[in-house]
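The values are calculated or read from the model by the stated rules, or taken from the named source; none is laboratory data. What you see is a predicted model; the values in this text were computed from it and never measured. Ideal geometry is used to build each Cβ from the backbone, glycine not excepted, and the neighbour counts take in all protein chains shown. The protein model used for the area step is the full one, side chains on, heavy atoms only, and it has no ligands, DNA or RNA in it. Shrake-Rupley method; radii C 1.70, N 1.55, O 1.52, S 1.80 Å.
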Amino acid sequence: MTLQHRPRRLRAHKALREMVAETHIDPRQLILPVFVKEGIDSPQPISSLPGVWQHTLESMEKLVREAVSAGLGGVMIFGVPSVRDPEGSQCDNPASILHRAVSAAVEASAGQLVVIADLCLDEFTSHGHCGVLNEAGEVDNDRTLVRYQSMAVSLAKAGAHMMGLSGMMDGQVAAVRAGLDKAGHTDTALLAYAAKYASVFYGPFRDAVESTLDGDRKSYQQDPRNRKEARREIALDLDEGADVVMVKPALSYLDVISDAATMSDVPVAAYVVSGETAMIELAAREGIVERDAAIDETLTSVRRAGADIVCTYWALEYAMRHAHRGRNEKGARA
Ligand code: PBG
């Protein structure tokens, strides 16, 4: 045969494949989500999310030090408070579990990684919504923005380097930016959950934060059928001053990640969410897929789609497992 094109030539052996690989994941591009629960004295496993724990402050500090050693880019802190009320009144209390965890994480990280605080009311409200409600029981966008401003300033005072704006309220980026700037926190960065969908894949997360939500978030999170709408949301957050724009979930939304990468001149992040993680863990447990290879392929797909930064429960183990990348175990070409 006289074939003109033989793409297989570049796949013939491992060293060649390594040389031409287009996508790499550096630990610095990974963010580890961490749950810290009030009132427990030992870490508690989350049954629907294998490998992930509700931490005490002490076990979280240890985890943060491990994240530093593994070279991770950041940790994203979620608090699980024991007291909740309709107004989410603890959201800006410097003594809340979230604020204490943020301060402890900043201390434990010693400037070696980025500490991101979740900025949303859902862990603090008794109804579980991401904002406060009006008399009709609907999430009140603008009154919620005022709470977010106060929460942001309190978290900045607790030392957070970056805020993860996960509530999907209109105008949240501009409001939080203005609130922080007014209080002198002009250097606190904003990671905007710009395109966040009303997804079924958040199930295990809601166990992790012991969500009390009854109903759904479809009046503020996006409809999974919409792609153009994500471009609008991303454009708005860029315009409002987002420092990083995030797409969430990741796996069912690779097209949206790709759009974000094309549109954005700030870094794009994507969040491999709890349900996506649990699916792979359980499939692996059943022997249906090979666990580590499935994780690697999954995280690679998110980077390949265009995410600069990946938020994943596998961040630490991925970084540790690939710590010696470049050499295989036998030091030879495979
Ligand atoms: C809520 C929030 C959610 C997640 C992160 N922040 C859940 C939701 O919107 O219902 C989900 C993350 C995951 O599933 O891993 N502010």
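Data overview
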| quantity | calculated |
| --- | --- |
| Flag if SER96 is open to solvent by 30 Å² or more (accessible area, probe 1.4 Å) and over 17 Å from the mean Cα position of the chain (by Cα) | no |
| In region 290-307, the residues that are part of a loop (DSSP other than H, G, I, E, B) and buried (at least 16 other Cβ atoms within 10 Å of the Cβ) | GLY306, ALA307 |
| Scan of region 238-279 for residues that are among the β-branched types (Val, Ile, Thr) and away from the ligand (no atom under 13 Å from the Cβ), ordered by number | VAL244, VAL245, VAL256, ILE257, THR262, VAL266, VAL268 |
| Every pair of residues 6+ apart whose Cβ atoms lie under 7 Å, when the first sits in region 16-28 and is under 13 Å from ARG303 (Cα atoms) while the second is open to solvent by 60 Å² or more (accessible area, probe 1.4 Å) and of a type outside the set (Ser, Thr, Tyr) | THR23/ARG304 |
| Elements of type helices (runs of 4 or more DSSP H) contained in region 195-278, each with 1 or more residues being under 30 Å from VAL83 (Cβ atoms) | 203-208 |
| Options VAL36, VAL64, VAL102; residue that is crowded, with 23+ Cβ neighbours inside 10 Å and assigned to a strand (DSSP E or B) | VAL36 |
| Matching option when the condition is within 12 Å of the ligand (Cβ to nearest atom), free of Cβ contacts under 8 Å to residues at least 60 places away in the same chain and over 19 Å from ILE116 (Cα atoms), among LYS196, LYS218, LYS228 | LYS218 |
| Residues within region 105-131 that are assigned to a helix (DSSP H, G or I) and closer than 17 Å to ILE31 by Cα, tallied | 4 |
| Residue ID - least open to solvent (accessible area, probe 1.4 Å), chosen from residues in region 67-76 that are touching a Leu at 6+ places or on another chain (Cβ under 6 Å) and in a helix (DSSP H, G or I) | ALA67 |
| Matching residues, region 137-174, being assigned to a helix (DSSP H, G or I), within 16 Å of the ligand (Cβ to nearest atom) and open to solvent by less than 30 Å² (accessible area, probe 1.4 Å) | THR144, LEU145, TYR148, MET151, ALA152, LEU155, GLN172, VAL173 |
| Count - residues of region 199-215 that are among the hydroxyl-bearing types (Ser, Thr, Tyr) and more than 11 Å from the ligand (Cβ to nearest atom) | 1 |
| Test result for GLY203, under 18 Å from CYS120 (Cβ atoms), of a type outside the set (Val, Ile, Thr) and either out of contact with any helix residue (DSSP H, G or I) (no Cβ under 9 Å at 6 or more places or on another chain) or open to solvent by 20 Å² or more (accessible area, probe 1.4 Å) (or both) | yes |
